[in-house]
Amino acid sequence: MEIKEYTCDVLVIGSGGAGCKCGIVASKNNQDVIIVSKGLTFKSGCTMLAEGGYNAVFGYVDKEDALQIHIQDTLKGGAFLNDLELIHKLVTESPKMLIELEKYGSLFDRQEDGRLNQRAFGGQSYRRTCFKGDQTGHEMMVGLREEVIREGVKTHGEVMITKLLFDETKTKIVGAMGLSLEDSSIVIYHSKATVIASGGCGWLYPVTSNAVQKTGDGIMIAYEAGADVMDMEMVQFHPTGMLSPKSRSGVLITEAVRGEGGYLINTDDERFMINYDSRQELATRDVVARAIYTEIQEGRGTPEGGVYLSVAHLPEEQVHTKLQTMVRQFKDVGVDITKEPMVVAPTAHHFMGGIKINTDCETNIENLYAAGEASSGVHGANRLGGNALADTQVFGNAAGLKASEKAKNSELLEPEENQIKDEISRIKSIWSDGEYRPNDIKEQIQEIMWKHVAIVRDEDGLKEAQIKLNELEEKTKNMKVPDFEEFNEDLVVAIEVISMIKLAKLIVKSALLRKESRGAHYRLDYPERNDKEYLKSFILNKNDDIKTVERGLFAD
């Protein structure tokens, strides 16, 4: 296998909102930066797909809004499992980061007086979600992309990072290595600081709003290197994803639809959310997703297996102005949303678990940082809509500052050689004429997770998932992966599924530890929240230690 090597001060793994912001900041701090992406640069992150908005306390629409109220909303929405210091940083810095986005060239919708417009979003006391119609994430990436180019930051697309590299003492990360998707060559990066901003793991499930690259690779390479991971049981299912046609299954229907006044309706023509929460359609995502699930399970769902989401009662001008993407998205499949309802069902959306960080995005391993959805602690047990885009900028900025500061004061160290040889041997060994196709194993992982580790869980199902995942792990030792180099999808998927099974097992392990229901984690056998025993986060690592961090209720 051909080996290509690159050197930089700061290596950023991931080219979405957090990765780009990190790269920009590090470059402005006079560091040589490479941003590497598993997919096409700028286009394979979930920021590009995010539609609804960016939370920031400006008080331009509701002047009563305040930073403390945003903190309280985030804590309550996260069922008090959040890291309070991370929330404080998110809330206090998100307005400044939005202004920086506008300086880069991202334009947000305005009111008639020229001030930013802000809309209602689930779980929030006031209208604080800034937006660009229903294509906010795309607009953010337009500005970030332009600033990355202006800064001259180097970008490498279609490179899958498979391993972090240690120095000779095996205590410091000095780069990473992986596989070029284009020609299966080995790519080695030497760096003084490395940032993981590779996003979440929606493709552990068959129905997801995530970009196809999101299989949790970044989280797992950090875990395998010895990084602590936290809140791994917390997987958010967005209440509203498309159901049909099959090719669009899971595609996001933005929370902005409900923020603009959309109604959720069952087949009894009942606006049913009032039966579950006084906030109705603007309850938090965990509440709305479970409500939809319950309606379907109790026989009030549509023939397709969903419920209705309607904006037909809203003025057409409002729908066409504020929900342009939704109008086009459904027009493509023959539905005029100004006249007929959308059929929706929950879709795997956001991973609240991930790499444990502090407010500087430092991990427990020297020279390794994490930001965005690959990290944990900010959102607790459930993320509020609009907080993720703010998260990418606040913590992308923090990671860029700290990683560049570290790089400025460090020497470039050589990686320990055996680990490179071992990883090349591991990748080569995956090429084989075995029995099981990687894509078939991937589908089986998704089936197991959807059946046993999704919106509703219980002990029997979780233990069944453990057994089946262990069986699949054995199958990965006997995969059918043809030996060719150009865009070898089977090889990429084979590498993915080996990692995905390990990640899935961590999610199951944490779900079994939490014998209560909290946020996105709902157990039929423990349906109540138990603050006395479980107001704490579980931390896992590859040494099989289980640690906890106690949380506080603050104000409920």
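Restricting to the chain, what percent of DSSP beta bridges are antiparallel, rounded to 5? List each step's numbers first, then the result.
Details: 45 of 70 bridges.
Just about 65 percent of them are antiparallel.
If you place +1 on the Cβ of every Lys and Arg and -1 on the Cβ of every Asp and Glu, how big does the dipole about the Cα centre of segment 233-343 come out, in debye to the nearest 20?
300 debye
With only alpha-carbon atoms in the gyration tensor, what are the semi-axes of the equivalent ellipsoid for segment 244-367, in Å, largest first?
30, 19, 15
Which three semi-axes in whole Å describe the equivalent ellipsoid of segment 457-523, each the square root of 5 times a Cα gyration tensor eigenvalue, listed largest first?
32, 13, 7
Given a Förster distance of 22 Å, report the FRET efficiency between E405 and L84 from their Cβ-Cβ distance, rounded to the nearest 0.05. Intermediate results must be reported in sequence, preceding the final value.
Numbers: r = 24 Å, r/R0 = 1.11.
Efficiency, rounded to the nearest 0.05: 0.35.
What order, most packed first, do the peptides 95-101, 188-194 have when packing is the mean number of other Cβ atoms within 10 Å of each residue?
Result, highest mean Cβ count within 10 Å first: 188-194, 95-101.
Once Rh for segment 1-106 is found with the Kirkwood sum over Cα pairs, what is the Stokes-Einstein diffusion coefficient at 25 °C and 0.890 mPa s, in µm²/s?
Numbers: Rh = 16.4 Å.
Estimated via Stokes-Einstein, D reaches 150 µm²/s.
Convert 4 °C to kelvin, take the viscosity as 1.567 mPa s, use the Kirkwood radius over C-alpha pairs of segment 343-419 as Rh, and evaluate the Stokes-Einstein diffusion coefficient in µm²/s, rounded to a whole number. Please list the in-between numbers first.
Numbers: Rh = 14.3 Å.
It comes out at roughly 91 µm²/s.
I want the local charge near S517. Using Cβ-Cβ distances under 10 Å, sum +1 for each Lys or Arg and -1 for each Asp or Glu among the other residues.
It works out to a net charge of +3.
Once every DSSP H run of n ≥ 4 in the chain is given -39500 (n - 2.57) and the sum is divided by its residues, what mean residue ellipticity at 222 nm do you get, rounded to the nearest 500 deg cm²/dmol?
-11500 deg cm²/dmol
What FRET efficiency comes out for L513 versus D183 if R0 is 35 angstrom and r is the Cβ-Cβ distance? Round to the nearest 0.05.
Once the sixth-power term is evaluated, E becomes 0.25.
Which value results when the Cα radius of gyration for segment 55-149 is divided by 2.2 N^0.38 Å?
The value comes to 1.11.
Rounded to the nearest 20 Debye, what is the dipole magnitude of the chain about its Cα centre when Lys and Arg each give +1 and Asp and Glu each give -1 at the C-beta?
My answer is approximately 680 debye.
Tell me the relative contact order for segment 240-389 as a rounded percent, counting alpha carbon contacts under 8 Å between residues six or more apart.
Details: 220 pairs, mean separation 34.7, N = 150.
Relative contact order for segment 240-389 comes out at 23 percent.
Quick check: at a probe of 1.4 Å, how many percent of the accessible area of segment 272-415 sits on carbon and sulfur atoms?
46 percent
What number comes out for accessible area per residue over the chain if the probe is 1.4 Å? Units Å², please. Working shown, then result.
Details: 20900 Å² over 556 residues.
Roughly 38 Å² per residue, with all protein chains present.
Could you tally the net charge around R110, taking each other residue with its Cβ under 12 Å from the Cβ of R110, Lys/Arg +1 and Asp/Glu -1?
Within the 12 Å Cβ shell, the charges total -2.
Calculate the length of the line joining the C-alpha centroid of segment 279-332 to that of segment 405-474, in whole Å.
Each part's Cα centre sits 35 Å from the other's.
Tell me, how many Å apart are the Cα centres for segment 48-124 and for segment 476-515?
36 Å
Considering only L243, A390, V481, whose Cα is most displaced toward the positive end of the charge dipole of the chain, charges sitting on Cβ of Lys, Arg (+1) and Asp, Glu (-1)?
Checking the options against the dipole of the chain, the answer is A390.
Divide, for segment 492-536, the radius of gyration over alpha carbons by 2.2 N^0.38 Å, where N is the residue count.
Here the answer is 1.50, to two decimals.
At 20 Å minimum axial length over the Cα atoms and a Kyte-Doolittle cut of 0.0, report the qualifying DSSP H helices in the chain, or say none.
Going by DSSP H runs, the hits are 84-104, 489-513.
Mind putting a number on the dipole of segment 317-402 about its Cα centre? Charges go on the C-beta only, +1 for Lys and Arg and -1 for Asp and Glu, and I need it in Debye to the nearest 20. Don't jump to the answer; show the numbers that get you there.
Values: 7 positive and 9 negative charges, 32 e Å.
Roughly 160 debye for segment 317-402.
How big is the Kirkwood radius of segment 415-556, worked out from every pair of different alpha carbons and given in Å to one decimal?
With all distinct Cα pairs of segment 415-556 included, I get 17.4 Å.
Run the accessible area of segment 150-239 with a 1.4 Å probe and give the carbon-and-sulfur part as a rounded percent.
In segment 150-239, the share of accessible area belonging to carbon and sulfur is 48 percent.
Where does each of 504-511, 214-221 land if you order them by average Cβ count within 10 Å, highest first?
214-221, 504-511
Taking semi-axes √(5λ) of the Cα gyration tensor in Å straight from the coordinates, which label in (i) 39, 29, 20; (ii) 36, 29, 27; (iii) 35, 27, 23 is the correct one?
(iii)
Which values, in whole Å and largest first, are the semi-axes of the equivalent ellipsoid of segment 378-468 obtained as the square root of 5 times each eigenvalue of the Cα gyration tensor?
35, 30, 12
With only alpha-carbon atoms counted, please give the Rg and Dmax of segment 133-287, in Å.
Every Cα atom of segment 133-287 included, Rg and Dmax give 20.6, 66 Å.
The values are calculated or read from the model by the stated rules, or taken from the named source; none is laboratory data. Computed from a predicted model, the values in this text were never measured in an experiment. Here the Cβ is made from the backbone with ideal geometry for all residues, glycine too, and neighbour counts use every protein chain on show. Just the protein is used for accessible areas: all its heavy atoms, side chains included, with ligands, DNA and RNA removed. Shrake-Rupley method; radii C 1.70, N 1.55, O 1.52, S 1.80 Å.
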